[in-house]
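Participant: Got a structure here, written out as structure tokens. Questions coming.
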Amino acid sequence: MPRRIQRVWLVLAIFLPCLHRFATGGFAFTSSTVPWRADRARLTLPLRAGKDDIVVRLPDEGIPEGVRKLRPGPEGPPSGPAEVDKVNVGCLPTSSELSDRLLSEYMLGSNQILPLRGILGGSAYSKTLRKQVRQNGKSNGSVLIFGEQGTKKDMLAFLIHYSRAKGSLYFVDCGGVSVKGARIFGRARSSGLLDLASEGTVVFNDVDKLNKALLPRVLQLAVNGTYWSKAQQKEKQSKLKVILTAEQWSSVLQLLPKNKVVQIKVPALRVRRSDISSMVQYELRRLTRGTGRPIPEIQPEALKRLQAYDFPNNVEELFFLIDNAYRNMEPGGSITADLLWTAQSVQKLDLFKVNLLEVYPGLRRFLQSDWLERLNHGFTKYAFPVFVILLFIGPQTFSQNFGLNLFWAWWWPGILLTYPILGRFWCAVCPFMIYGEVVQRWRVGQGAVLQKWPTKQLEAYGPWFLYLLFLAILLWEELWVLENTAYLSSWLLLLITFGAIVGSWFYERRVWCRYLCPIGGMNGLYALLALTELRSQQGECKASCDTFHCYKGGPAEGEGQETNGCPLYSHPASLKDNKNCVLCFTCLRACPHRTVQVNLRAPGIDFGFPFLFPIPGTSSARQHESSAPELALLFLLLGAVFCHHLQDLVVQAGAPDTLLDDFAVHSALAAAALLGPGIFVWMMDRLARGLSALFYPEQKVLNDFLDLGYAYLPLTWLASLAHYLKLGLVDAGQVLPTAARTASFFVAGLAEWAPWAPGTSFAQEQLKFLEEALPHGSAPPDVVAFLQGVVLLLAATFALLKLGKLGGRAPFAWIHQAVILLLTYELWQLIL
Ligand code: SF4
Ligand code: SF4
Ligand code: SF4
């Protein structure tokens, strides 16, 4: 067929359906070559249908795939024949359809801007914002709304539009506007948004992201309401209300005349923290609406965490956190602090973290195995009662009882040494809680439904209960000489085991360990200094997980094993410090996505900086949340070191040591030694603040004592270690002969009770021999004193370094430095 006839057929094939389309719609090219003209946005075919050219609109990104063999014209846009290959254009719209389509592209319906949360809260900031919205809703003037990322500036713009209730709302995302802005300002023979939109509001969102060539045109529109219409080739007046939003307060925006463009500054969430509570309540109501579920309660600790957080992404981040916590929450539960995954903001310090599970893949396999279950329920469960009975019925003095030696000379120094390496790991192998678990498993096996934790009450009173219990135990230890009275030491163990059993009898998981156990409180405090941590990658948890088995527990899934979830109700993605992680690795076993990490880290970064090995420029936002009862516990533990040397203190004060023979005086002095250091430090802090206010009223005062007080943590830990070093270096080496003496005690008892029993005297002789022969050893006093001295010097050094980071350079911070040196000097006198 001649080529010309072919073309006729082609044109007919294309344009007959096209003409038909004006009645019915539906149009397609078939594969062939057609003459055409094109500019960037449309392909014009050389026929006229009705009044309009027949135009195939091209997408902004260029020529559709179906059009090939483009040839650039001599100048400007391509022209000449092109091969058109099944370009399915659906329909060729009329001008009015095109206008509608363009408008609807920018028009926002109410369903698109839901959830429109409004301005929540009763702070002065939110009241001002509400007033500004009302005022600007009444006028036609332009508005510039600026504020940090996530402050919901767009929502404010919508509120202004809706309070105005006039015309439609058009939303232009400035980051996506093309260089020429043809869709906004139009192009030759083609109207843009501003030409077509007759009345309403146009929001230029993120105007600071608009390309520089277009910005003056948008600003002109905002200031004068005029713009250059390219389609009509004239300056036009727009009836639209213009609202600009911006994150960056650029120099160009600063030049906008305030009488023409009202400026609204949206405050960051961190400066209107009092609004957070209302926002949370609102969001929880919104999430539960229509679900038939009750509105969950938010625990005070959780609210405190939110109010302490800086929200780099502002309101948007808050709502995300609440939505995520709601998804994570157990049905019928409440929002706890562990469900709020505030971003871990120690990015600089993350550089110093090494995931040990990646470095040693064998470690992952080991930790995922059932080694802990075997150790706890295969060995310790049976060994612990033997130990307790030994203390009860064995010899009662330290030098005779093997159990007492283990408890005071091995366990105490040993646990103090594990803190800097493994944090709260003792709690993973603790025999007290093993019995709590035994009881709980039995109860659940009997069909009992355990209660949820009364988190609100526990958070309010638990830490103080723990503190008072520890105070009572320390007084008991001093007044009844527990160290040298085996059955009382045994009662102490039973007391803590009893607490663990009662907690586990009534409540699910390990409520005793999380809130009430005095040893757990101490472990949690010292674990802040640890070199290791367990965390999970927040980003991956958010992106890849919808089961949260680490937290909730659940069946096996992928690599994850069946577990009951974290025994402390901690979520590894939300852990901000080591306080509430007992390193039981349940989450590691439960996680199907391998996101749990065991990190080696710089010590002290729970406080936002590595204080043991100060690295310049690594100060960051603190993760740990200070609390008054925890700080009180810290100073109580410092007081305990002084209390252990009460007699020396009395002698040092020039009083006769017989003073302590009087029980009442002894009690009073013991209480004074326990509480004295804390009270002294607090009074010195008040003095420093008072002097600072008096002499330097204009200058920065010291950080809050609740934060600053943690500078004394290394001092407390290392002073305790220095005290127990003597037991560890001198008495621990006597454990085997002491074991022989304990055995002799029982054999002697047997000989007395059953003199007819054969072999008792032989056994006594052999044990006597063993007592001498068994290996034993004690470090010489000089070595012990040297090591204690080194530990105390380190204590002072680390405390001063930490104080430097926490206390800044405020005037009279030196008073705290002097107090640290004074306390160290006194400890030196007492311990060495
Ligand atoms: S918190 Fe107390 S009872 Fe619980 S595991 Fe730790 S030491 Fe044992
Ligand atoms: S740690 Fe694992 S189980 Fe837990 S939320 Fe993250 S991905 Fe899910
Ligand atoms: S389950 Fe994980 S987060 Fe919870 S205590 Fe154990 S190790 Fe820590």
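Participant: For segment 274-339, what does the accessible surface come to per residue with a 1.4 Å probe? Please give it in Å².
Facilitator: 41
Participant: Right, something else. In Å³ and rounded to a whole number, note down the convex hull volume per residue for the Cα atoms of segment 274-339. Can you show the working numbers first?
Facilitator: Numbers: hull volume 5.0 nm³, N = 66.
In segment 274-339, the Cα convex hull volume per residue is 76 Å³.
Participant: I would also like to ask the following. Could you point to the residue in 244, 205, 222 farthest towards the positive end of segment 105-267's charge dipole, with +1 and -1 charges on the Cβ of Lys/Arg and Asp/Glu respectively?
Facilitator: Positive-most Cα among the choices belongs to 222.
Participant: Based on DSSP, what percent of beta bridges with both residues in segment 105-267 are antiparallel, to the nearest 5?
Facilitator: 25
Participant: Let me ask something else about it. How large a share of the accessible area of segment 491-568, in percent, is made up of carbon and sulfur atoms when the probe is 1.4 Å and the other protein chains stay in place?
Facilitator: 63
Participant: Between beta-carbons, use under 14 Å as the cut-off and find the net charge around residue 277, counting Lys and Arg +1, Asp and Glu -1.
Facilitator: Value of the local net charge: +1.
Participant: Sticking with the crude label model, points 7 Å out along Cα→Cβ, report the distance from residue 370 to residue 198 in nm, one decimal please.
Facilitator: Between residue 370 and residue 198, the label points sit 7.8 nm apart.
Participant: To the nearest 20 debye, what is the magnitude of the charge dipole of segment 274-339 about its Cα centre, counting +1 on the Cβ of each Lys and Arg and -1 on the Cβ of each Asp and Glu? Provide the component values of the computation, followed by the final result.
Facilitator: Values: 7 positive and 10 negative charges, 61 e Å.
Here segment 274-339 has a charge dipole of around 300 debye.
Participant: Next question, about the same structure. So with the 1.4 Å probe, I'd like the accessible area per residue for segment 370-527, rounded to whole Å².
Facilitator: It amounts to 42 Å² per residue over segment 370-527.
Participant: Right, something else. Please give the per residue accessible area of segment 105-267, computed with a probe of 1.4 Å over protein heavy atoms only, in Å².
Facilitator: Accessible surface, normalised per residue, equals 47 Å².
Participant: Pop out the carbon and sulfur fraction of the accessible area of segment 628-831 as a percent, whole number, probe 1.4 Å.
Facilitator: Numbers: 6710 of 9820 Å².
Solvent-exposed carbon and sulfur of segment 628-831 make up 68 percent of the total.
Participant: Which Cα, out of 336, 288, 274, lies furthest along the positive dipole direction of segment 274-339 (beta carbon charges, K/R +1, D/E -1)?
Facilitator: 288
Participant: Rank-order 566-576, 432-442 by packing density, defined as the average count of other C-beta atoms within 10 Å over each peptide's residues, highest first. Write out the running numbers ahead of the final one.
Facilitator: On the way: 566-576: 24.3, 432-442: 19.6.
By packing density, highest mean first, the sequence is 566-576, 432-442.
Participant: Pairs 131/258; 209/234; 726/802; 153/241: which are spaced more than 22 Å apart, C-alpha to C-alpha?
Facilitator: Values: 131/258 18 Å; 209/234 27 Å; 726/802 27 Å; 153/241 16 Å.
Pairs exceeding 22 Å: 209/234; 726/802.
Participant: When the accessible area of segment 182-321 is split by element with a 1.4 Å probe, what percent falls to carbon and sulfur? Let's see the in-between values first.
Facilitator: On the way: 3240 of 6390 Å².
Reported share for carbon and sulfur atoms: 51 percent.
Participant: Collect residues whose amide H, placed 1.01 Å from N in the peptide plane, falls under 5 Å from the amide H of residue 263; neighbours closer than 5 in sequence don't count.
Facilitator: 144
Participant: Same structure again: With charges only on Cβ, +1 for K and R and -1 for D and E, what is the dipole size of segment 427-497 about its Cα centre, in debye, rounded to 20?
Facilitator: About 480 debye.
Participant: Let me ask something else about it. Please give the charge dipole size of segment 370-527, origin at the Cα centre, charges +1 on K and R Cβ atoms and -1 on D and E Cβ atoms. Round to the nearest 20 debye. Don't skip to the end; give the middle numbers.
Facilitator: Details: 10 positive and 8 negative charges, 105 e Å.
Using only the charged Cβ atoms, the result is roughly 500 debye.
Participant: What ranking do 239-245, 749-755 get when scored by the average of other Cβ atoms within 10 Å per residue, highest first?
Facilitator: Numbers: 239-245: 24.1, 749-755: 11.7.
Top to bottom by mean Cβ count within 10 Å: 239-245, 749-755.
Participant: Going toward the positive end of the dipole of segment 630-723, with +1 on Lys and Arg Cβ and -1 on Asp and Glu Cβ, which of 637, 674, 701 do you reach last?
Facilitator: With unit charges placed on the Cβ atoms, the residue in question is 701.
Participant: By the scheme Lys and Arg +1, Asp and Glu -1, what is the net charge of all other residues having a beta-carbon under 10 Å from that of residue 574?
Facilitator: With Lys, Arg at +1 and Asp, Glu at -1, the neighbours total +2.
Participant: A further question follows. Can you pull a Stokes-Einstein diffusion coefficient for segment 375-455 at 37 °C (0.692 mPa s), Rh from Kirkwood over Cα pairs, as a whole number of µm²/s?
Facilitator: 219
Participant: What is the Cα centroid distance between segment 718-797 and segment 277-334, reported in whole angstrom?
Facilitator: Here the answer is 56 Å between Cα centres.
Participant: Please list, in chain and number order, the residues 5+ apart from residue 335 or on another chain whose amide H is under 5 Å from its amide H, with Hs placed from the backbone.
Facilitator: Those lying under 5 Å, H to H, from residue 335 are 297, 298, 299.
Participant: Separate question: Tell me, what HN-Hα J-couplings in whole Hz come from the Karplus equation 6.51 cos²θ - 1.76 cosθ + 1.60 at θ = phi - 60° for each residue of segment 820-832, using x for Gly and Pro?
Facilitator: Going residue by residue, I get 4, 5, 5, 4, 5, 4, 5, 4, 4, 4, 7, 7, 7 Hz, with x marking Gly and Pro.
Participant: On to the next question. Taking amide H atoms as placed 1.01 Å from N in the peptide plane, list the residues 5 or more away in sequence, or in a different chain, whose amide H sits under 5 Å from that of residue 168.
Facilitator: Answer set, sorted by chain and number: 199, 200, 201.
The values are calculated or read from the model by the stated rules, or taken from the named source; none is laboratory data. Note that the structure is predicted; figures quoted are calculated from it, not measured. Heads up, the Cβs are rebuilt from the backbone with ideal geometry, glycines too, and the neighbour counts pull from every protein chain shown. The protein model used for the area step is the full one, side chains on, heavy atoms only, and it has no ligands, DNA or RNA in it. Shrake-Rupley method; radii C 1.70, N 1.55, O 1.52, S 1.80 Å.
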